[in-house]
Amino acid sequence: MDYDHFFRQSLQALRHEGRYRVFAELERRAGRFPRALRYPAPGRKPVEVTVWCSNDYLGMGQHPAVLEAMRRAVDRYGAGAGGTRNISGTHHATVELEAELAQLHGKEAALVFTSGYVANQAALGTLAGRLPGCVVLSDALNHASMIHGIRDSRAEKRIFAHSDPADLDRLLSGYPRDQAKIVAFESVYSMDGDIAPIGALAEVAARHGALTYLDEVHAVGMYGAHGAGVAERDHVAGRIDVIEGTLGKAFGVLGGYIAGSAALVDFVRSNASSFIFTTALPPAVAAAATAALRLLKGDEGRALRARHQERAHTLMRRLAEAGLPVMPSQSHIVPVLVGNAALCKAISDKLLDDHAIYVQPINYPTVPRGTERLRFTPTPLHGNDEIEHLVASLSTVWRALKAEAGQFVPA
């Protein structure tokens, strides 16, 4: 078999569909967020752009307190963890971080992983795979990492209609109350920006004796009085058995975690292969995450969250006023529907090349075909001038491509 020929053909098919992923080469500069340098083709000088799609939702990756914590930790501890958690890699800074995370969520214990993806894959795969006769009830729009973990578990899986407690109740009614069951869902769904009815789903799960597993990666740091997420905001965190979160979004660094009962967390720690056999997070990363977490629990965090929500609502309002098809959103996610992969990429390219605005096109398989979109994530550091520049630039690009392709609603 000509392997490279197969690879080239497959890549060409992606290009033909407009789904070939091109990574923008950026240089984030401390103190300049949401600005960054973009490195275009070789031989051309980098240019400054405004980033509109970062998951560093609150700018913690640039916050002086977080940077200082990381610098101090590097000077004190060195660069790497030195091994897996089992073999020399359980650093004091990581243990401190886990204690802070458990306290944030009101749980007995927490466990840190190398990413939010790995946290979901490891925890769901271990829990569902080792609970005898377990069945997993998974929301129809759950993230790929959750699907990966459930698939790895080889447990029976049932999919309930998105954020639908009645459909969850219908499915759970088909199983004995004493059978092991896990209900897995998210709080903020990052592509549409909607928020799950956590309390109602938890109530159904409790009625049927199911364990609840909540992914809060797009909510931790950004919702609730202390930044513990939507479950804290809605006063239902005590009804959730496992909360999974990330350190790579609102906390501005890298890593993922779960929080739950001491026995459950220890069970995952003791059985999850992708935790046991993976090098631990560098202690400097753990120290920086702890600094961000502590900051966001306090008054500055509350002020940032309020500003963040205001920026998101302002951007949604201005896009709607400009006649652009902004999708309804209950959260800080601001999606604009395009509906065609090639056109979505064309808009993104023109915004970047002609207007110094970087927003990544979101295409299949991240979203269903026909729902391709631009996904904007305003932060507290995006000013009014930047919002107005974005709205004006997107309107200009939209009208130009509408005239060229005839496939856009009027702007």
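The values are calculated or read from the model by the stated rules, or taken from the named source; none is laboratory data. In this text, all values refer to a predicted model and were calculated from it rather than measured experimentally. All Cβ positions, glycine included, derive from the backbone under ideal geometry; neighbour counts span all protein chains shown. We work out accessible area using only protein heavy atoms, side chains counted, and drop any ligands, DNA or RNA first. Shrake-Rupley method; radii C 1.70, N 1.55, O 1.52, S 1.80 Å.
Criterion first (touching a Cys at 6+ places or on another chain (Cβ under 6 Å), over 22 Å from His218 (Cα atoms) and either open to solvent by less than 30 Å² (accessible area, probe 1.4 Å) or in contact (Cβ under 8 Å) with a residue 12 or more places away in the chain (or both)) does Ala128 satisfy it? Yes.
Per the conditions (1) over 16 Å from Thr290 (Cα atoms); (2) open to solvent by less than 40 Å² (accessible area, probe 1.4 Å), the sole criterion not satisfied by Glu108 is (2).
When Tyr223 is tested against (1) surrounded by 24 or more Cβ atoms within 10 Å (Cβ to Cβ); (2) over 21 Å from Leu127 (Cβ atoms); (3) in contact with a strand residue (DSSP E or B) (Cβ under 7 Å, 6 or more places away or on another chain), exactly one condition is not met: (3).
If you check Thr396, Thr379, Thr371 for being surrounded by 16 or more Cβ atoms within 10 Å (Cβ to Cβ), more than 18 Å from Gly18 (Cα to Cα) and among the hydroxyl-bearing types (Ser, Thr, Tyr), only one passes: Thr379.
Among residues of segment 344-369 that are within 18 Å of Arg399 (Cβ to Cβ) and without any contact (Cβ under 8 Å) to a residue 60 or more places away in the chain, none has a beta-carbon under 6 Å from a residue that is open to solvent by 50 Å² or more (accessible area, probe 1.4 Å) and part of a helix (DSSP H, G or I) at least six positions away or on a different chain. So, of the residues in segment 352-368 that are open to solvent by 50 Å² or more (accessible area, probe 1.4 Å) and outside any loop (DSSP other than H, G, I, E, B), which turns out to be farthest from Leu37 (Cα to Cα)? Looking at residues that are open to solvent by 50 Å² or more (accessible area, probe 1.4 Å) and outside any loop (DSSP other than H, G, I, E, B), I get Asp354.
Scanning segment 273-319 for residues that are out of contact with any strand residue (DSSP E or B) (no Cβ under 9 Å at 6 or more places or on another chain) and either of a type in the set (S, T, N, Q) or on the phi > 0 side of the Ramachandran plot (or both) gives Ser273, Thr290, Gln309, Thr314. For segment 329-337, indicate whether the set of residues that are surrounded by fewer than 22 Cβ atoms within 10 Å (Cβ to Cβ) and in a helix (DSSP H, G or I) is non-empty. Looking through segment 329-337, none of the residues is surrounded by fewer than 22 Cβ atoms within 10 Å (Cβ to Cβ) and in a helix (DSSP H, G or I).
Residues of segment 19-44 being touching a Phe, Trp or Tyr at 6+ places or on another chain (Cβ under 9 Å), assigned to a loop (DSSP other than H, G, I, E, B) and basic (Lys, Arg), which ones?
Arg19
Taking (1) over 18 Å from Thr379 (Cα atoms); (2) surrounded by 18 or more Cβ atoms within 10 Å (Cβ to Cβ) in turn, Phe33 satisfies each apart from (1).
So that you can scan it fast, the table gives a plain yes or no per residue for (1) over 26 Å from the mean Cα position of the chain (by Cα); (2) among the acidic types (Asp, Glu); (3) modelled with pLDDT of 95 or more:
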position	(1), (2), (3)
His5	yes, no, yes
Gln9	yes, no, yes
Gln12	yes, no, yes
Phe23	no, no, no
Leu67	no, no, yes
Gly83	yes, no, yes
Ile87	yes, no, yes
Ala93	no, no, yes
Glu100	no, yes, yes
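Here is a yes/no grid of residues against (1) in a helix (DSSP H, G or I); (2) open to solvent by 40 Å² or more (accessible area, probe 1.4 Å):
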residue: Gln179; (1), (2): no, yes
residue: Glu203; (1), (2): yes, yes
residue: Gly209; (1), (2): no, no
residue: Phe251; (1), (2): no, no
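Any residue that is hydrophobic (A, V, I, L, M, F, W, C), open to solvent by 30 Å² or more (accessible area, probe 1.4 Å) and touching a residue at least 12 places away in the same chain (Cβ under 8 Å) - is there at least one of those in segment 80-96? No: segment 80-96 contains no residue that is hydrophobic (A, V, I, L, M, F, W, C), open to solvent by 30 Å² or more (accessible area, probe 1.4 Å) and touching a residue at least 12 places away in the same chain (Cβ under 8 Å).
Which of the residues belonging to segment 37-64 are in contact (Cβ under 8 Å) with a residue 40 or more places away in the chain, closer than 23 Å to Val253 by Cα and loosely packed, with under 14 Cβ neighbours inside 10 Å? Across segment 37-64, the qualifying residue is only Glu48.
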